[in-house]
Amino acid sequence: MTWRELKQQLYQIPESELDKDVQAWGEDTALTDVSLKKCLENMYYCDDWESESRPLSFLDEEEIKSEEVRLVAKKGMFYLQID
């Protein structure tokens, strides 16, 4: 789904529903609150890391060049975060 498609679908929500909390459903996750976020810097991921992802400012030159480390979100990208 694109943000444009999401925006169009939001316009279809009845007025009575607009003040309710946003919910998300994941394969192994119950309904939870979510928030709209914007990446403040490029985010990277590696299967060996214990955390989900790391911002560019947390990485050293070797990590950035590693084939195991990959860019997963560019600075300025919007995303929904499960809280």
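The values are calculated or read from the model by the stated rules, or taken from the named source; none is laboratory data. Treat the numbers as computed from the prediction; the structure is a model and nothing was measured. Note: ideal-geometry Cβ built from the backbone for every residue, glycine included; neighbour counts use all protein chains shown.
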Review point. Is it the case that the range 46-67 has a residue that's touching a helix residue (DSSP H, G or I) at 6+ places or on another chain (Cβ under 8 Å), modelled with pLDDT under 95 and either β-branched (Val, Ile, Thr) or surrounded by fewer than 10 Cβ atoms within 10 Å (Cβ to Cβ) (or both)?
Key: yes
Exercise for review: Return yes when Tyr79 is hydroxyl-bearing (Ser, Thr, Tyr), surrounded by 10 or more Cβ atoms within 10 Å (Cβ to Cβ), under 29 Å from Lys7 (Cβ atoms) and without any contact (Cβ under 8 Å) to a residue 40 or more places away in the chain and no when it is not.
Suggested key: no
Review point. Any chance the range 14-37 includes a residue that's at pLDDT 85 or above, surrounded by 12 or more Cβ atoms within 10 Å (Cβ to Cβ) and acidic (Asp, Glu)?
Key: no
